[in-house]
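Engineer: Submitted below is the structure of interest, expressed as structure tokens.
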Amino acid sequence: MRVVCRLLVLLPLAVIVGWMFGDVDCPADEIPSADAKFFREEVLPLLKESCQRCHGEKKQNSGLRLDSREAVLKGGQNGPAIVVGKPDQSLLMKVINHDGDIQMPPDEKLDDEEIAIFKKWIEKDAPWPVDKKKA
């Protein structure tokens, strides 16, 4: 009986947590095709070119990885890299705008068009499609 009572208490909590956080990575077929295309053609190349050399699989400066949605949401020593849907509250936007002590990339600021790509991606809730074949 105790087990049933505990399950009845924990089940609503699990539903609420699942609703609040949802899937971290989404199968590609669950993301609108325009958003998946935007990520693959605009965001991912920028991440690879400008960020993942220092914040990727092999190297994680400040404990930050930018090579999966889960890692971006988790963040590093300075907290989560993004706040989904809120670019103005996202650390990533602050650092790529060179607004503050931390400025990324450190050698040269991204151009306005590249910064706008990251802003749009965060506004779209930072879709990061995962192909079922690769997952």
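The values are calculated or read from the model by the stated rules, or taken from the named source; none is laboratory data. As the structure is a computational prediction, the values presented were derived from the model and not from experiment. Cβ coordinates were reconstructed from backbone atoms using ideal geometry, including for glycine residues, and neighbour counts include every protein chain displayed.
Engineer: Sort through 40, 53 and tell me the only one that's out of contact with any Phe, Trp or Tyr (no Cβ under 9 Å at 6 or more places or on another chain), at pLDDT 95 or above, of a type outside the set (A, V, I, L, M, F, W, C) and not in a helix (DSSP H, G or I).
Structural biologist: Exactly one of 40, 53 is out of contact with any Phe, Trp or Tyr (no Cβ under 9 Å at 6 or more places or on another chain), at pLDDT 95 or above, of a type outside the set (A, V, I, L, M, F, W, C) and not in a helix (DSSP H, G or I), namely 53.
Engineer: In the set 35, 107, which member is surrounded by 15 or more Cβ atoms within 10 Å (Cβ to Cβ) and more than 11 Å from the chain's Cα centre (by Cα)?
Structural biologist: Working: 107 fails: surrounded by 15 or more Cβ atoms within 10 Å (Cβ to Cβ).
Of the residues listed, the single one that is surrounded by 15 or more Cβ atoms within 10 Å (Cβ to Cβ) and more than 11 Å from the chain's Cα centre (by Cα) is 35.
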